[in-house]
1. Do we have Ala166 as among the hydrophobic types (A, V, I, L, M, F, W, C) and more than 23 Å from Gln271 (Cα to Cα) here?
2. Could you please let me know if Leu83 is in contact (Cβ under 8 Å) with a residue 40 or more places away in the chain and either outside the structural domain of Ile219 (by TED's automatic domain parsing) or of a type in the set (Val, Ile, Thr) (or both)?
3. When you scan segment 94-195 for helices (runs of 4 or more DSSP H) that lie fully inside it, which ones turn up with 3 or more residues that are in contact (Cβ under 8 Å) with a residue 60 or more places away in the chain and on the phi < 0 side of the Ramachandran plot?
4. Scanning for something surrounded by fewer than 17 Cβ atoms within 10 Å (Cβ to Cβ), under 30 Å from Ser352 (Cβ atoms), without any contact (Cβ under 8 Å) to a residue 60 or more places away in the chain and more than 29 Å from the chain's Cα centre (by Cα), does segment 200-207 turn up at least one residue?
5. Criterion first (without any contact (Cβ under 8 Å) to a residue 40 or more places away in the chain, under 25 Å from Leu97 (Cα atoms) and in a loop (DSSP other than H, G, I, E, B)) does Gly353 satisfy it?
6. Restricting to segment 417-459, give me the number of residues that are modelled with pLDDT under 55 and surrounded by 12 or more Cβ atoms within 10 Å (Cβ to Cβ).
7. Give Ala501, Ala483, Ala493 a once-over and let me know the one that is under 39 Å from the mean Cα position of the chain (by Cα) and at negative phi.
8. Is it the case that some residue within segment 218-230 is surrounded by 14 or more Cβ atoms within 10 Å (Cβ to Cβ), closer than 12 Å to Gly173 by Cα and at pLDDT below 85?
Amino acid sequence: MRTTPAVWFALLSLVGLFTLLRVDAGMPASDVATRVDRLLVTELLKDKTNLAKPADDETFLRRVSLDLTGELPSLNQMTAYALDPAKDKRAKVVNQLLADEKFGQNWGRYWRDVIMYRRTEDRAMIAIPALEAYLKEELNKGTSWDKIATGLITATGNVQEDGRTAILMAQDGMAEEVASEVSRIFLGIQIQCAQCHDHPTDKWKRQQFHELASFFPRIAIRRVDDGGKRGFEVVSVNRERPAGKGGMRKGSTEHYMPDLKDPSAKGTLTQPKFFVNQQTLSPGMSDAERRDTLAKWLTSPENPWFAKAFVNRLWAEMVGEGFYEPVDDMGPERQASAPKTIDLLSREFASSGYDVKWLFRTITATEAYQRASRSRRNIDETPFTASCPQRLRADQLYDAILSALGIAEPAATRGGAGAGAGPYARLGGPRQQFAQAFGYDPSDPREEVQGGIPQALVMMNSSLINNAINASNSRSVLGKLLADTKDNEQAVAELYLRCLAREPSKSEKKAALEHISSVKSRNEAFEDLLWALMNSTEFLHRR
């Protein structure tokens, strides 16, 4: 069979298109990082005299270690990094950290807090171990963000066994609350502000909120009793359910927009309709069909808000400020600080197949990420001229303390800090104490995250810390250091490396040595120094 010139032309055109798409999807992170920095200069940073200098190697290693794995670099890692002459050693260490299983653990805990801090059902805390395990595994495997999001939106099953059920359990399976959180977390859009009236500052209408909620009325939370172990499971209910059956609420399989003039009325039946693309489903479709379809529409590359929401969050966590602030309040009526830059990053993230690790490589390769830190800017100052110090999350701080003091975590507390409240708090233990005192909602603006007396009291009264700082204890890091190192200057330098991942400055070294010489007990003097380092602003932040 002969192929006509027209067919050949069409085939060649398709080959060219696929080649173009393949090259674009495989664009190296470093190339995109360069384009991002150029765009930032065009949009915001024309006055280069105000830019912070690049962070030194010590600062970069501590920063990227905390950002990616949630832990301080070890003494061996610091030595190896300092001795590495390679020009690309920053990219190399990023790849090493992304390959560490602690990467998934750190960012799984971040997303755990994003999900759990806005919960409406405290019993959802029992889902935390499964949620952490799921996120850790998927992030370490390199599962794309669209697949993770799809899993969290479409899940059913036992909440203590399947971490994908966490968002649904956290909102008690209530259609309005689930819709609000799905929009906030995955689109960065707070459409819940339109639940009772049209959105006051955005274009979203009340009708659109309830059309989104119409994807979720067939979710139910059912009590389960497995061999005496009570728990909950997320189930699909595609028929009207009577009150109390299986522990579930009485409910309709369709969503009705309440009548504000007559709250006792049934309300108006609403069809499932996605407010981004205006596509609609018929009311009679099953729970699985509704949620599967919504997940497909929501994660589509044609929906710009899905990629933007993730990029904005990650940029804010890594650089210290998002393109949109707060990070979960975006939308067409909001103005990004650098709209072309976030558009570029979002397009390339989507082209990568929503490759999470690719985005981390890209952001860490930018000059914006690698600049030295300055205090949080005033509202009238230019963003992204410097990195911004970030207060460590509770888990990060707890792990930094364990690392600095060279102690193992008590086995009973290894499950994670939870979200700072609920059943995990009642378990007791150091990690839970730190969650109560130092935990915060990572979606909140960072200028609202403040220290206080409860945090100081936890640091002062923690038996874990006090026992480890005791220099008379020959098994403690400090006890071993002072026994093995008679040179005070060398011992001071090691404590700085352990706590702050850097050598002391000349003035710091002088002040430390003067204090040591002024105190009769060498042990007591070094205990003072270690205590001061661990309570310093620098230790409590990543800078």
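1. Criteria met by Ala166.
2. no
3. In segment 94-195, the matching helices (runs of 4 or more DSSP H) lie at 101-116, 128-141, 145-154, 175-187.
4. Taking every residue of segment 200-207 in turn, none turns out to be surrounded by fewer than 17 Cβ atoms within 10 Å (Cβ to Cβ), under 30 Å from Ser352 (Cβ atoms), without any contact (Cβ under 8 Å) to a residue 60 or more places away in the chain and more than 29 Å from the chain's Cα centre (by Cα).
5. Spelling it out, it is not the case that Gly353 is without any contact (Cβ under 8 Å) to a residue 40 or more places away in the chain, under 25 Å from Leu97 (Cα atoms) and in a loop (DSSP other than H, G, I, E, B).
6. Count: 10.
7. Ala493
8. no
The values are calculated or read from the model by the stated rules, or taken from the named source; none is laboratory data. Quick caveat: nothing in here was measured; it's all calculated off a predicted structure. Neighbour counts run over all protein chains shown; Cβ positions are idealised from the backbone, glycine included.
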